[in-house]
1. Residues that are touching a Leu at 6+ places or on another chain (Cβ under 7 Å) and crowded, with 22+ Cβ neighbours inside 10 Å: does the stretch 196-218 have at least one?
2. Only one residue in 145, 180, 171, 175 is farther than 22 Å from residue 123 by Cβ, crowded, with 17+ Cβ neighbours inside 10 Å and at pLDDT 90 or above, so which one is that?
3. Name the pairs whose Cβ atoms lie under 6 Å apart, with the first residue in the stretch 78-94 and in a helix (DSSP H, G or I), the second modelled with pLDDT under 75 and crowded, with 20+ Cβ neighbours inside 10 Å, and 6 or more positions between them or separate chains?
4. Out of curiosity, is residue 144 among the small types (Gly, Ala, Ser) and closer than 17 Å to residue 281 by Cα?
5. Go through the stretch 224-283 and count every residue that is under 16 Å from the mean Cα position of the chain (by Cα) and hydroxyl-bearing (Ser, Thr, Tyr).
6. Within the stretch 127-178, can you find the residues that are part of a helix (DSSP H, G or I) and either of a type in the set (D, E, K, R) or at positive phi (or both)?
7. Among (1) modelled with pLDDT under 80; (2) assigned to a helix (DSSP H, G or I); (3) under 27 Å from the mean Cα position of the chain (by Cα), which single condition is residue 58 missing?
8. Specify the residue that is surrounded by the most Cβ atoms within 10 Å (Cβ to Cβ); the eligible residues are those in the stretch 109-125 that are small (Gly, Ala, Ser) and more than 20 Å from residue 73 (Cα to Cα).
Amino acid sequence: MSAPPSPDDGLSPAELAAKHGLSVSGARPSLADYVRQLWGRRHFILAFSQAKLTAQYSQAKLGQLWQVATPLLNAFVYYLIFGLILGTKRGIPQDVFVPFLVTGVFVFTFTQSSVMAGVRAISGNLGLVRALHFPRASLPVSFSLQQLQQLLFSMIVLIAVAVAFGSYPRLSWLLVLPALALQFVFNTGLALIMARLGSKTPDLAQLMPFIMRTWMYASGVMFSIPLMLKDRPGWITDVLQYNPAAVYMDLVRFAMIDGYGSENLPAHVWLVAVAWAVLLGIAGFVYFWKAEERYGRG
C-alpha cells in the first residue's frame, strides 16, 4: 500500500511558508518599524560610539590628546603651505585668517571622517553584522556620532584659537549648536549612503580619499571662495558656496569669528543648510533601509 498524499503536495514555497506561519529570516521591516527598532537601540549606538572613540588612540602614548592634536596639526600644515607660501589668505586679515582656517579644517574633517567611517561601517564589521540581529543603520549612525564627539573635543582648541586672535564669546556663538546639529544630520545621511555602497564595493574605501580631497579643495577650507574667485563667472562661486561642506563651515565661521561678517555668506544660507540636512538625512536613511536584509550576506 502506498502512503496517502501529503496535504502540502502541489503548494509553492511561498504558499507553504504562509500555511505554516513562516517568515524570511532577517526580512526588512517596514520603515516605521525600522525607525522604532533603531530608537530602541539608542543606548547601544551611544555606547558603541563612545567605545570606538576611546579605543581609537588607545595604543598611542598621548592617548586621547590626538583627538585634538591631529586636526590642529593639519591646520598648521595648511597654514604653512596655503597661508604663508601660496598666499590664499588674499583679502583676509591675519587675525581672521587663522581662526578661519582652523574652523574650516575642523568642520570639514567632521564630514570627511563621517564619510570614511560610513564606507567601512558594514564591510568592516561583518562579524558583528552576521552574529547579531539589530538594525544595521545603528553602525553608520554610531560612527557619525563618534565623529561628532571628536569634533566637540576639537572645539576646545577652536575656542582657544578664536579668543587668541580677538574673537571673544558672544551670543552669536550659540549659532554653532544648530549649525553642527544640521551638519550631523547631513553627515549621518551621507554615511548611510556610503555604508550601503561600501558593503558591496570594498574598493570604494580606496577611492574615497581622492574624492574627499577634491571636495575639500572645492569647499574653501583654506581660502575665501568669493574673494578667490571674484574674477570668475558668478555661477562658479555660487556652486562652490552652496555645496554643503562650504555652507556648514561658513555658518560656524560666521558664528565664532568677529571679522567674518554676513557679507561672506551666500543668500538664504540657513535655509540651504536645513535643506541639505533634510534631503540627505531622509534620502540616506531610506536608501540604506532598502537593502537592510542584504547586509552581511554573500
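The values are calculated or read from the model by the stated rules, or taken from the named source; none is laboratory data. Everything numeric here is computed off the predicted structure, so don't read it as measured data. Positions of Cβ are backbone-derived with ideal geometry, glycine not excepted, and every protein chain shown enters the neighbour counts.
1. yes
2. Among 145, 180, 171, 175, only 180 is farther than 22 Å from residue 123 by Cβ, crowded, with 17+ Cβ neighbours inside 10 Å and at pLDDT 90 or above.
3. From the stretch 78-94, the pairs are 82/88; 83/89.
4. yes
5. Result for the stretch 224-283: 1.
6. Result: 130, single match.
7. If we test residue 58 against (1) modelled with pLDDT under 80; (2) assigned to a helix (DSSP H, G or I); (3) under 27 Å from the mean Cα position of the chain (by Cα), just (2) comes out false.
8. Within the stretch 109-125, the match that is surrounded by the most Cβ atoms within 10 Å (Cβ to Cβ) is 118.
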